[in-house]
Amino acid sequence: MDNIVIIDCGSQFTQLIARRVREMKIHSVILPWDVTAERVLENAPSGIIVSGGPDSVNDEGAIAVHEKILNLDVPLLGICYGMQLLAKFLGGEVRSGEKSEYGTTPVELEEQADARLFRGLPGAFEVLMSHGDRVERLPPRFFATAHTRHGVVAAMESEDGRRFGLQFHPEVEHTQHGARILRHFLFDVCGCRGDWDLGDWVERSVEEIRGRVGAECVVCGLSGGVDSTVAAALVHRAIGKRLECIFVDHGLMRRDEGREVLASYEGLGLSVRCADASELFLSRLAGVTDPDEKRKIIGELFINVFEEESAKLGAARNSPIAWLLQGTIYPDVIESGGRKKGSAVIKLHHNVGGLPERMNLKLLEPLRDLFKDEVREIGRLLEVPDAIVDRHPFPGPGLAVRCLGAVSKERLDTLRGAEAIFKEELVRAGLYGKIWQSFCVLLPVRTVGVMGDGRTYSEVLALRAVNSSDAMTADWTRLPMDLLDTVSKRICNEVRGVNRVVLDITSKPPATIEWE
Ligand code: XMP
């Protein structure tokens, strides 16, 4: 199997490089900047890509890939900071640029140069640059293949056709022909065949999980969401009944969700223990209006209930549980400064962050390198029902963060009724699967209305629908007016407690997707 090693020097685009490589059906692994050459070779790479990064190669303490890696007999592409590392360590010179070039800018190919990466491309095109430094002098036996309008080297190749540097980012959409440039490197230079698929990933992962977990037991907190379910289905395939799942019902789910989700788990053969803690959660949330306070209460209660249930499981098994399985996916992982400290932190809102330390469990995160659409595809391969695979993301604290103001059973029921209608209409219009996320938010604001002969004074409900690829940024979805009209009428007529429906037309940034 072809494998591309991507060395992460801290660029915000590293995961995008991995994604582009995978889109071409080539397997890739991302390794930290301080990885050794031996470890790189263990991955049997057909090629190496060194990513961009925020540092300046000339700064003291700047991230530097082991020099031995730059000299391995494996094709290598340095992107942005990666190109500067190549230039510096192979005998060239990098200057901190007086004329920084950020944003999209045109580059021109060097006419004389027979650039392997640019074959068949027009003589000039737009690219995305994001670095202040520039290659001042090329390393020996390298030649420039493109330059910017300020005469800065935009790309270089080695005479032996094995080493390449791009000052711009071929992985982003703003770079014209970026995919073709990568394709030239991966197929023409590295000789990849493009025959990898996620089925192989499943098989390899199953083997890996078996190897890591050995004869020990794993516990998993299922939420009904796609990530935790797919993670559980995968680990179940690897170790069967040695995976124990806990479903904490916090009473903050959507209508019928708990029941449906449990039925799906049964169908998958998972052993699930359901802890109905809805009364506990609702009583602790009573009267709480501050969003952070709500999240804190929910997070803490969740951990308590989960800990109690897994202790019971451990006792019943007579063998303590050694691993905690989490459905962390790549966009959940935020790199800390190019992984200088060698660690990655999980988004704060993944509210079970402290669990592994507290319970003294080892962490298993098999989906850590995958994107949501890949997780969904793996879910399908593992025969996870469509109803789960295609579900819109749902926040850990559930409807509590969509029920602005105080959370009560009555207000949650109002929200559930409205959400069910919104979803039903989106499904009917064939739009549900095309939207990243859609939901309702109940506002603690009352307005005057009129129904029949009577005056009403009820709460306002907001509709929210967004398009996104990873939830880091999002655009509000332009829904058809007729659909909005139907949803609004149905909600006011069928759901108690709402007499006015509004639409959220804010993107992220400046807003977030959820309201709390
Ligand atoms: P925001 O509101 O930050 O949300 O734009 C980005 C994505 O994350 C989801 N979200 C959460 N997911 N626990 C989760 O597992 C949480 O506490 C949480 N808060 C927000 C949100 O639904 C969106 O998809």
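Here, each number is a calculation from the coordinates, and none is a lab measurement. The shown structure was predicted, so the numbers you read here are calculated from the model rather than taken from an experiment. A quick note on method: Cβ atoms are made from the backbone with ideal geometry, for glycine too, and the neighbour counts reach across all protein chains shown.
List of remarks:
- Helix-only [θ]222 nm of the chain, DSSP H runs n ≥ 4, -39500 (n - 2.57) each, per residue, nearest 500: -9500 deg cm²/dmol
- Net charge dipole, the stretch 3-189: roughly 440 debye, given to the nearest 20, about the Cα centre with Cβ charges of +1 for Lys and Arg and -1 for Asp and Glu.
- Prolate/oblate/rounded label for the stretch 1-61 (Cα gyration tensor, a/c 1.5): oblate
- For a label point 7 Å along the Cα-to-beta-carbon line of Glu357, residues of the stretch 261-300 with backbone N under 16 Å: 300
- Ellipsoid semi-axes in whole angstrom, largest first, where each is sqrt(5λ) of the Cα gyration tensor of the chain: 47, 29, 20
- Cβ-Cβ distance of Glu93 and Asn43, R₀ of 35 Å, FRET efficiency by 1/(1 + (r/R0)^6): the value works out to about 0.65.
- Distance violations [Cα-Cα > 18 Å] among Lys25/Lys68; Lys296/Lys508; Lys294/Lys409: Lys25/Lys68; Lys296/Lys508
- The chain - charge dipole about Cα centre, Lys and Arg +1 at Cβ, Asp and Glu -1, debye rounded to 20: 780 debye
- Kirkwood hydrodynamic radius of the stretch 3-189, from inverse mean 1/r over distinct Cα pairs, in Å: 16.0 Å
- Cβ-Cβ distance of Glu173 and His147, R₀ of 22 Å, FRET efficiency by 1/(1 + (r/R0)^6): the value works out to about 0.45.
- Going from the residue with the fewest nearby Cβ atoms within 10 Å to the one with the most, Lys294, Lys409 rank Lys409, Lys294.
- Burial ordering of His131, His150, His177, fewest other beta-carbon atoms within 10 Å first: His150, His177, His131
- A crude spin-label estimate for the pair Arg496 and Lys434, with each label 7 Å from Cα along the Cβ direction, gives 3.7 nm.
- Cβ-based exposure ranking for Met129, Met481, in which fewest neighbours within 10 Å come first: Met481, Met129
- When the Cα positions of Leu431, Met481, Val448 are compared along the charge dipole of the stretch 403-503, Val448 comes out farthest toward the positive end, with charges on each C-beta of Lys, Arg, Asp and Glu.
- Cα-based shape type of the stretch 25-121, given that a ≥ b ≥ c are square roots of the gyration tensor eigenvalues and the cut on a/c is 1.5: oblate
- Membrane-span-like helices in the chain, defined purely by DSSP H runs whose alpha carbon atoms cover 20 Å or more axially and whose average Kyte-Doolittle hydropathy reaches -0.5, are 291-317.
- Inter-label distance for Tyr102 and Arg180, nm, one decimal - labels placed 7 Å from Cα along Cα-to-Cβ: 3.0 nm
- Inter-label distance for Arg259 and Glu207, nm, one decimal - labels placed 7 Å from Cα along Cα-to-Cβ: 4.5 nm
- Calculated FRET efficiency, Thr36 to Asp290, Cβ-Cβ distance, R0 = 56 Å: about 0.70 to the nearest 0.05.
- Sequence-separation-based contact order of the stretch 198-389, relative, with Cα cut under 8 Å and 6+ spacing, percent: 29 percent
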